[in-house]
C-alpha cells in the first residue's frame, strides 16, 4: 500500500498492510537520527517510514517552522509576536496585546494580507501528494492563538472578567483559521484538515468544560465545518487532559484525536478507544515521559504491541505516534523497537536511508 492508501484505510477501519505512522521527533533526536542514518535531518521522517506529510500555515509555522541556529536569536512574526530561540524551540518573548487597552485589543488586525505567503508553505508537501497522505495544519485555531497575542494570564483573565471581549477576539482568531482552511481546501487536494488548540494541561483543562463550551467550542466548530463540509477527516491536536470535552469534539465533527497524552488524567489510550472508538480515530499514545526514554527495549516492544493491538481491535482507527515529540534521551534501540512493532525493521529503515543517499548523489551529479 502507498502511505496515502494506508492512512485512508486505517481511518476507515479497513485492512492495512501495517499500522500507519506519523512520528514527531525532538529536534535533537532528529539530528541524532540524521547522523546515524547519514541523511539530511529533513529526510529522517521519510527514512523512518512516516506516512503523513503536513505543513503549518497558521501561527505554528512561526513557532516551529522558522529555525534559528543560536540561542537568543529571534524574529517577530506577521502577527506581531516575538519569538526567541531558547534551547531547541522558539519561545514567545513578546505578546503584542499584553499591555493593550480594550479598544486596542479590538483594533488588532490579523495578517490577512499574508494569506498567500502562508499557504505557499504547502507547496513542498503537495509535491508528494500522489504517494503520501497530506494535511494542512491551521492550528492554533482559537484560544491558543488568542493567548499568544494577549499572554496566557491576560487571556485567562479576559475569559473570566471580560467575556464579551474574549468571545469577540476568540471569534476573530477562528475567522482567520476558517479563512486559511477554506483557501487551503480550495487550492490543494489535501487528505485531512488539521486543527488544534492546547486547552488542557498535565492535570486537566485550563478552563472549566462549561467555559470551553460557551466561549471556545462554537468558534472551533466553524473551523471544523470547513473540513467536514468537504468530506475531509478533521484532526484535532490538544495536549493534556482534555477528556471532559472529547464528546463535544466528536459532536462537532472531529474525526481524529492527537496526541493522546497517556499520563494525564482520563487519557489512557485503550480506555478512550473503548469509550469513543466507534466515532473517533486516534493518533498517539506512546509514552514519552517514562517508557521511551527510560524503559528497556523489551518493555518498549511490549507496550507498543499492546497499544497497537488495543487501538486497532475494531479493525483500525489508529495512527502510531508518540504522546509528544520523541525526547533526545530516548535510546536508539527503543526507537527502533517501537518501529519494529509497527512492522518497520531497523534494516528497512537503513535501506531507505541508503536509497535517500543514493538519490542525493544522483541529484548532485
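All of the numbers you see were taken from the coordinates with simple rules; none came from a lab. Since the model is a prediction, treat every value here as computed from it, not as a measurement. Note that we place each Cβ from the backbone using ideal geometry, even for glycine, and neighbour counts take in every protein chain shown.
Find how many whole Å separate the alpha carbon centroid of region 137-168 from the alpha carbon centroid of region 189-221.
Spelled out, the Cα-based centre of one part sits 12 Å from the other.
In deg cm²/dmol, rounded to 500, what helix-only [θ] at 222 nm does the chain give when every DSSP H run of at least 4 residues adds -39500 (n - 2.57) and the total is split over its residues? Provide the component values of the computation, followed by the final result.
Values: 16 runs with 158 residues, N = 365.
Mean residue ellipticity, 222 nm, calculated: -12500 deg cm²/dmol.
When all C-alpha to C-alpha distances in region 59-255 are sorted into bins of 10 Å, what percent of pairs does each bin hold, rounded to whole numbers?
9, 34, 37, 18, 2
Using Cα pairs closer than 8 Å and at least 6 residues apart in sequence, work out the relative contact order for region 180-255, in percent. Mind showing how you got there, number by number?
On the way: 92 pairs, mean separation 33.0, N = 76.
In percent, rounded to a whole number, it is 43.
Calculate the spin-label point distance for residue 129 paired with residue 358, positioning each point 7 Å from the Cα along the beta-carbon direction, and give it in nanometres.
Here the modelled spin labels are 3.0 nm apart.
Please tell me the relative contact order of the chain in percent, rounded to the nearest whole number, where contacts are Cα pairs under 8 Å and at least six residues apart. Working shown, then result.
Values: 653 pairs, mean separation 73.3, N = 365.
20 percent.
Let me know the volume per residue of the alpha-carbon convex hull for region 17-68, in Å³.
Working: hull volume 4.9 nm³, N = 52.
So the per-residue Cα hull volume is 95 Å³.
Considering only DSSP beta bridges where both residues belong to region 59-255, give the percentage that are antiparallel (nearest 5). Kindly include the intermediate steps, with their values, before the conclusion.
Working: 10 of 17 bridges.
Roughly 60 percent of the beta bridges in region 59-255 run antiparallel, per DSSP.
Please give the helix 27-37 orientation as an angle from the longest Cα principal axis of the chain, in degrees from 0 to 90, rounded to the nearest 10.
That helix lies at roughly 20 degrees to the long axis.
Hey, what's the per residue convex hull volume over the C-alpha atoms of the chain, in cubic angstrom?
Values: hull volume 49.5 nm³, N = 365.
Expressed per residue, the convex hull around the Cα atoms of the chain is 136 Å³.
Can you compute the equivalent ellipsoid semi-axes for region 124-234, i.e. the square root of 5 times each eigenvalue of the Cα gyration tensor, sorted largest first and rounded to whole Å? Intermediate values should be presented prior to the final figure.
Details: eigenvalues 167, 37, 29 Å².
Equivalent ellipsoid semi-axes, largest first: 29, 14, 12 Å.
Express in nm, to one decimal, how much length is gained between residue 14 and residue 102 on full extension, taking 0.36 nm for each residue of separation and deducting their alpha carbon distance.
Working: separation 88, 0.36 × 88 = 31.68 nm, distance 5.18 nm.
The residue 14-residue 102 span can extend by a further 26.5 nm.
Hey, what D do you get for region 28-140 in µm²/s if you plug the Kirkwood alpha-carbon radius into Stokes-Einstein at 37 °C and 0.692 mPa s?
Working: Rh = 16.3 Å.
Rounded, D is 202 µm²/s.
Cα centroids of region 24-79 and region 318-365: how far apart, whole angstrom?
That distance is 15 Å.
What nm value, rounded to one decimal, do you get for the distance between residue 228 and residue 82 when each label is placed 7 Å out toward the C-beta?
Simple spin-label model gives 4.1 nm for this pair.
Sort 310-321, 65-76, 326-337 by the packing proxy (mean of other Cβ within 10 Å over each peptide's residues), most packed first. Present the calculation step by step, with values, prior to reporting the outcome.
Working: 310-321: 21.1, 65-76: 11.8, 326-337: 18.1.
Sorting 310-321, 65-76, 326-337 by mean packing, highest first, produces 310-321, 326-337, 65-76.
Considering every Cα-Cα pair within region 169-309, what fraction, in whole percent, is farther apart than 24 Å? Before the final figure, lay out the partial values.
Working: 3490 of 9870 pairs.
The calculated P(r) of region 169-309 puts 35 percent of pairs beyond 24 Å.
Does anyone have the angle between helix 163-187 and the longest principal axis of the chain? Alpha-carbon axes, 0 to 90°, nearest 10?
40
For region 59-255, what is the relative contact order in percent, using Cα pairs closer than 8 Å and at least 6 residues apart in sequence?
With pairs under 8 Å counted, the relative contact order is 19 percent.
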